[in-house]
Amino acid sequence: MFRDRLDAAAQLAKALDAWRGRNPLVLAIPRGAVPMGAALAEALGGELDVVLVHKLSSRWNPEYAIGAVDEAWLEAEKARRVQQLRARRALYSPERPAVDARGRVVIVVDDGLATGATMVAALHAVRAQSPQRLICALPVAAPDSLARVEPYADEIVCLDKPWGFRAVGQFYQHFDQVEDEEVVDCLRRFAGRPAAGGT
């Protein structure tokens with residue numbers, strides 16, 4: 001049980017201590033993981049950005065990731081989500097483009113792993129940028145979902161893989177909603193900081 005996301009980030013920072021001072025690029029999955037990513041980047045002397053991915057939702061339940069749908073609807077849903085991601089990038093970091101992951105040690109962080117669909121999409125997107133090393137960092141994950149994610153990363157750092165996993169929030173004493181304003185604030189704090197050292 002983690003006290004909150006910052007407690008989880010502090011524990012992850014200890015597990016990732018080998019990368020301290022080597023300017024890792026910490027990519028957080030919005031919105032919940034962004035305060036964690038900021039704390040992790042601070043602890044490791046790294047750089048912070050977001051990796052913007054979005055699950056494709058069922059037309060009947062927006063919280064449920066889809067399995068199979070008809071092709072015309074799938075194309076429309078994809079286009080809608082891409083537009084949302086562009087708008088979110090413009091909101092989160094209007095002053096600068098996304099940080100390039102090429103040749104970097106990249107740590108993709110989320111506050112937990114339920115189905116794994118979002119993390120797989122995030123790792124796939126980052127891998128396309130040719131990072132030097134791609135690390136998936138999680139405080140907690142459903143064991144079967146973690147197994148599905150493992151092939152997409154060079155390294156997995158996961159603090160807890162409990163059986164009986166039902167939802168990410170059950171492993172936090174405080175699991176408040178993270179709002180866009182907090183995400184923008186975290187990213188703004190890191191914008192323009194000098195790099196901490198080599199890659």
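The values are calculated or read from the model by the stated rules, or taken from the named source; none is laboratory data. Small disclaimer: the values here were computed from a predicted structure and weren't measured. Backbone-built Cβ (ideal geometry, glycine too); neighbour counts: all protein chains shown. For the accessible areas, the whole protein counts, side chains as well, though only heavy atoms, and no ligand, DNA or RNA atoms are used. Shrake-Rupley method; radii C 1.70, N 1.55, O 1.52, S 1.80 Å.
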Every residue in region 21-32 that is surrounded by 15 or more Cβ atoms within 10 Å (Cβ to Cβ) and over 19 Å from GLU179 (Cβ atoms), please. ARG22, ASN23, PRO24, LEU25, VAL26, LEU27
Examine region 120-142 for a residue that is closer than 17 Å to ALA33 by Cβ and hydroxyl-bearing (Ser, Thr, Tyr), and state whether such a residue exists. no
Within region 146-162, of all residues that are assigned to a loop (DSSP other than H, G, I, E, B) and either of a type in the set (D, E, K, R) or at pLDDT below 90 (or both), the one surrounded by the fewest Cβ atoms within 10 Å (Cβ to Cβ) is ASP154
Please give the number of the condition TRP163 fails out of (1) closer than 22 Å to TRP19 by Cβ; (2) in contact with a Pro (Cβ under 8 Å, 6 or more places away or on another chain). (1)
Over region 1-50, the set of residues among the polar types (S, T, N, Q) and either at negative phi or part of a helix (DSSP H, G or I) (or both) is GLN11
Does GLY103 qualify as being at positive phi and more than 17 Å from the chain's Cα centre (by Cα)? yes
Between LEU138, LEU134, LEU187, which is open to solvent by less than 40 Å² (accessible area, probe 1.4 Å) and in contact with a Ser or Thr (Cβ under 8 Å, 6 or more places away or on another chain)? LEU187
